[in-house]
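Notes follow the structure.
The values are calculated or read from the model by the stated rules, or taken from the named source; none is laboratory data. This is a predicted model, so every value here is computed, not measured. Neighbour counts are summed over all protein chains in view; Cβ atoms, including those assigned to glycine, are modelled from backbone coordinates with ideal geometry.
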Amino acid sequence: MDPIPITRLPVSRLSTVDFEDLPFGKVFADHMFVAEFEGGRWQNARIVPYGEIPTNPAISALHYGQSIFEGLKAYRNQKGEVQVFRPYDNMSRMIRSAGRLCMPAVTEDIFIGGLKALLELDQEWVPRQPGYSLYIRPFMYAIDEYVGIRPSDSYRFIIFNCPVGNYYTAPLHVKVSDRYVRAFPMGTGFAKVAGNYAAGMLPLKHAREAGYDQLVWLDGKEMKYIEESGTMNLFFQIGNTLVTPLADGTILEGITRDSILGLAVEAGLPVEVRKVSLDEVVAAYDRGDLKDAFGTGTAATVAPISSITVHDRRLVLPAMEDRTYSTLLGRMLDDIKTGKTQDTRGWIMKI
Ligand SMILES: Cc1ncc(COP(=O)(O)O)c(C=O)c1O
């Protein structure tokens, strides 16, 4: 790919940011990468100062939701170098999401090339404090100026970055959603499409008002099987076995989920990927066999769950000091992301 033209921000905003106090997703690095898909190919790749972009009111992204996104992170390793965790997997998932919404595939030049160039320029925005990272948000939306329901011919792809701290600071209280579902068979659950999140906002608002951190979604057909929670995949330790719901079209297949599964197998833990019914989890709890439960996601990392409310019943999980799986697996993952453990799987892309 030709070198990406860069328009620099005349004076970096770095010195205006308090890196000790980083609210999630509200602080933006100096620059962003932008490219357009027009005439059947990606073009006009450029890096410009982070900021507003002109938006025609007729674009289909605004009316019909032809819009997809990704989320990944860059960390500092032990030597202070910047490394990105599994960016090629995010690119592949974005291509799958694009396919579902009739959008063009991003190319490696655009996704990985754009990301590398942007991070080279904004390296100093990757926090140095333990537990902090740079959250990377690639997204794509339809930009045809046409009020009619058909796939757009033109799209814009953007990457911007936010230095962030922890998404959740304490173990989570979650509630099983019994009035709404997130996804249903043959829908868009597996894809990271904007509309999935819009549809979850009202149920989440109700849950937050009732004092819960997140909702656990059940399957959309029978409301019997556990799917995922917020922007996290779910894991349960039942007896000695680590169990996670099968991702068969209605669950977003998390890259953290895949990483945790790999690490669990490597650590010699018994692992099962299969349908997990709510009844099974409640029965395990009643037998005293529900030892651990946690969510996994790029933003949330490994987030322990302290209680699960099922209708009016609250299942209280063991105290954190009695949990072994979430602690072990969370640490193994962090050590790879931050370079304490050598990456033997090709998960790390150094900048
Ligand atoms: C609905 C949903 N499930 C699960 C995840 C976890 O995916 P990942 O581990 O790739 O961040 C996310 C976040 O991207 C999500 O939005």
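Note on the range 241-261: among residues that are near the ligand (Cβ under 8 Å from one of its atoms) and among the small types (G, A, S), the one that is farthest from the chain's Cα centre (by Cα) is S259.
Here's the yes/no breakdown for (1) over 12 Å from Y325 (Cβ atoms); (2) in contact with a helix residue (DSSP H, G or I) (Cβ under 7 Å, 6 or more places away or on another chain); (3) within 13 Å of the ligand (Cβ to nearest atom):
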site	(1), (2), (3)
M223	yes, no, no
F235	no, yes, yes
V271	no, yes, no
D279	yes, no, no
Y285	yes, no, no
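Please tell me if R257 is touching a residue at least 24 places away in the same chain (Cβ under 8 Å) and crowded, with 19+ Cβ neighbours inside 10 Å. Judged against the criteria, R257 is a match. So, of the residues in the range 182-194 that are surrounded by 15 or more Cβ atoms within 10 Å (Cβ to Cβ) and over 15 Å from the mean Cα position of the chain (by Cα), which turns out to be nearest to S67 (Cα to Cα)? That would be T188. Within the range 10-48, the residues that satisfy the criterion of being more than 20 Å from V164 (Cβ to Cβ), out of contact with any helix residue (DSSP H, G or I) (no Cβ under 7 Å at 6 or more places or on another chain) and surrounded by 13 or more Cβ atoms within 10 Å (Cβ to Cβ) are V34, E36, F37, E38, R46, V48. When M103, M94 are screened for being closer than 30 Å to H63 by Cβ, modelled with pLDDT of 95 or more and within 16 Å of the chain's Cα centre (by Cα), only M94 passes. So, R287, is that one among the basic types (K, R), out of contact with any strand residue (DSSP E or B) (no Cβ under 6 Å at 6 or more places or on another chain), over 21 Å from Q214 (Cβ atoms) and assigned by TED's automatic domain parsing to the domain that holds D178 or not? So R287 fits the description; yes. Anything in the range 51-76 that is within 14 Å of the ligand (Cβ to nearest atom) and in a loop (DSSP other than H, G, I, E, B)? List them, or say none. If the condition is that a residue be within 14 Å of the ligand (Cβ to nearest atom) and in a loop (DSSP other than H, G, I, E, B), then E70, G71 are the ones that fit.
Cβ-Cβ contacts under 8 Å between residues 6 or more apart (or on different chains), taken from a first residue in the range 88-99 that is among the basic types (K, R) to a second residue that is within 12 Å of the ligand (Cβ to nearest atom) and in a helix (DSSP H, G or I), are listed as R93/I255. Scanning the range 77-91 for residues that are at pLDDT 95 or above and not in a helix (DSSP H, G or I) yields a count of 6.
The set of residues from the range 5-30 being outside any loop (DSSP other than H, G, I, E, B) and either charged (D, E, K, R) or touching a residue at least 12 places away in the same chain (Cβ under 8 Å) (or both) comprises I6, L14. For the range 90-144, name all the residues that are among the acidic types (D, E) and over 21 Å from A299 (Cα atoms). Passing the criteria: E108, D109, E120, D144.
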